[in-house]
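Scroll down for the structure; my scribbles are underneath it.
The values are calculated or read from the model by the stated rules, or taken from the named source; none is laboratory data. Keep in mind the model is a prediction, meaning the values are calculated, not measured. Virtual Cβ from ideal backbone geometry, glycine too; neighbours counted across all protein chains shown. For accessibility, only protein heavy atoms count, side chains too; no ligands or nucleic acids. Shrake-Rupley method; radii C 1.70, N 1.55, O 1.52, S 1.80 Å.
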Amino acid sequence: MKQEPSKQHLFYIDLLRVFLTILVFYHHSAIAFGASGGWYYKTSELVNSNLQFLLSINMGIDQSYFMSLFFFISAFLMPGSYDRKGPALFIEDRIRRLLIPLLIYYFIINPLVVHWIYNSPYEVGFGPMWFVFTLLLFEMTYVFYRSLSNRIAIQWKLPKILPTLFFILFMGIWAFGVRLILPTGKDLFGLQLGYYPLYIGMYFLGIIAYRNRWLDELRLRDGYIWLTILFLVVMPFFLFALKDCPDGNLINGGWNRFAAAYAMWEPIMCVGICYFLLVFSKRYFNYKSKLIGWLSKQSYSFYIIHPVVLVGCTFLVEMMPVSPFHRLVIELCIGIPLCFAAGYVFRKIMNLIKIPI
């Protein structure tokens, strides 16, 4: 008897989880060597200015979709978990899986990393665990919604062109409005709220996609069309729109055309790249793989522990008599496998104290 699609294990989601986790390590490593963005530690010798520019463009592309896709996947997997466990067990599971690791990072790991780098006094912080904190808020909001309403399914067919364009336009306008007050790059309690409209929108779509089985209807041809439009039309147009920008910080927010272009560019890139990655991986990688399965199991612990490994690798490669670019490459080659190994050990330690991660 054939299983319902919603009850089957989606192996390609495991692959995407691994890919996005590795991308997080790459993203923060690139920032450590000179790409735009914030991170715990930047090396004293950065890559050359041309490479910094290229890496910064790459960081902008990554930022447009990779955390939003994390939220989409988390939301897609969440309603089924809630339905199986019920509210009480679901909340207990989230306390163990999200809240306790968040507190461990906030009060223990973050202070240790900061002290290791700067020999500074005790300093708490979310670091990259802002994602877990936000996910916890989103999931508790869902629990609250379910406690007030018996309606769990919103009937919404896979959007065609006009609804998709409306979503993109709405996300862009919302982000532009938020960034008038809270530009990207500005933290509020450790959260960059300038990026949150798209995170909220993609999380909401993840829930809708699960209830209406959108992923069963994705077509690879449309994914290729999206990718072609993004890199042959959207990217060149966006770079052209920014060519006269007198200050790169203008795109972060404010009442100017550069901030408006950036706010609108992000949801276009996000929708297109996420669609392509979902349909491409579903078409070619939706099969069981012991390696991907093992890596996927470590992906959350990888995410939690990666700042420690990454900073340590950065200190190590700084001592090597090679160019900053080669140091970055070496850091990626040794740091990513080491992070999976460290994540495995960390996961086992947490499981011993009944914290399933």
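Quick notes
- This model, with +1 at the C-beta of Lys and Arg and -1 at the C-beta of Asp and Glu, gives the chain a dipole about its Cα centre of some 1320 debye.
- Taking all protein chains together and rolling a 1.4 Å probe, Cys245 ends up with roughly 30 Å² accessible.
- Simple Cβ-charge dipole of region 79-187, Lys/Arg +1 and Asp/Glu -1, about Cα centre, in debye nearest 20: 480
- Region 75-92 - phi-based ³J(HN,Hα) in whole Hz, Karplus 6.51/-1.76/1.60, Gly and Pro as x: 5, 5, 7, 6, x, x, 5, 4, 5, 6, 8, x, x, 5, 5, 5, 5, 4
- Sum of -39500 (n - 2.57) over DSSP H runs of 4+, divided by residues of the chain (222 nm, nearest 500): -23500 deg cm²/dmol
- Within the straight-line cut-off of under 13 Å between alpha carbons, the aspartates and glutamates reachable from Lys290 are Asp14, sequence neighbours fewer than 8 places apart in one chain being disregarded.
- For region 156-162, putting each phi into the Karplus relation 6.51 cos²θ - 1.76 cosθ + 1.60 with θ = phi - 60° gives couplings of 8, 5, 3, x, 8, 5, 5 Hz, in residue order, rounded to whole numbers and with x for Gly and Pro.
- Net charge dipole size for region 238-299 [Lys, Arg +1 and Asp, Glu -1 on Cβ; Debye, nearest 20]: 600
- Within a straight-line Cα-Cα reach of under 20 Å, Lys42 can be paired with the following lysines, leaving aside sequence neighbours fewer than 8 residues apart in one chain: Lys186.
- Partner aspartates and glutamates for Lys157 [C-alpha distance under 17 Å; skip if fewer than 8 residues away on the same chain]: Asp216, Glu217, Asp222
- Accessible area (Å², 1.4 Å probe, nearest 10) - Thr141: 90
- Residue with peak Gaussian network fluctuation, the chain [Cα springs, cutoff 10 Å], from Leu332, Leu295, Leu188: Leu188
- Each Cα pair of region 211-357 feeds into the Kirkwood radius, which the Stokes-Einstein equation turns, at 25 °C and 0.890 mPa s, into a diffusion coefficient of 127 µm²/s.
- Solvent-accessible ranking of Lys186, Lys85, Lys290, Lys297, largest area first, probe 1.4 Å: Lys290, Lys297, Lys186, Lys85
- Percent breakdown of C-alpha pair distances by 5 Å bin, ordered from the shortest bin, for region 261-345: 3, 13, 15, 12, 13, 18, 16, 8, 2
- Near Gln298: Cβ cut-off under 12 Å, other residues only, Lys/Arg at +1 and Asp/Glu at -1. The net charge is +3.
- Carbon plus sulfur fraction of accessible area for region 1-159, probe 1.4 Å, in percent: 63
- With an a/c value of 1.5 or above and a/b not larger than b/c for the gyration tensor axes a ≥ b ≥ c computed over the alpha-carbon atoms, region 118-157 is described as oblate.
- In whole percents, the pair-distance distribution calculated for the chain from its alpha-carbon pairs, binned every 10 Å from zero, is 5, 22, 33, 28, 10, 1, 0.
- Using C-alpha pairs under 8 Å with a sequence gap of at least 6, the mean separation divided by the residue count of the chain gives a relative contact order of 27 percent.
- Reducing region 83-131 and region 319-354 to their Cα centroids gives an inter-centroid distance of 19 Å.
- Of the residues Gln63, Gln155, Gly312, the one whose Cα sits farthest towards the positive end of the charge dipole of the chain is Gln155 (charges of +1 on Lys and Arg Cβ, -1 on Asp and Glu Cβ, taken about the Cα centre).
- With the charge dipole of region 158-298 set up from +1 on Lys and Arg Cβ and -1 on Asp and Glu Cβ about the Cα centre, the Cα lying farthest toward the positive end among the listed residues Cys245, Tyr199, Tyr224 is that of Tyr224.
- For region 42-169, the spread of Cα positions along each principal axis, largest first, Å: 56, 41, 19
- Per-residue packing, averaged as other Cβ atoms within 10 Å, sorts the ranges 89-95, 12-18, 170-176 into the order 12-18, 170-176, 89-95, beginning with the highest.
- Residues of region 34-54 with amide N under 14 Å of a point placed 7 Å along Cα→Cβ from Ser120: 38-42
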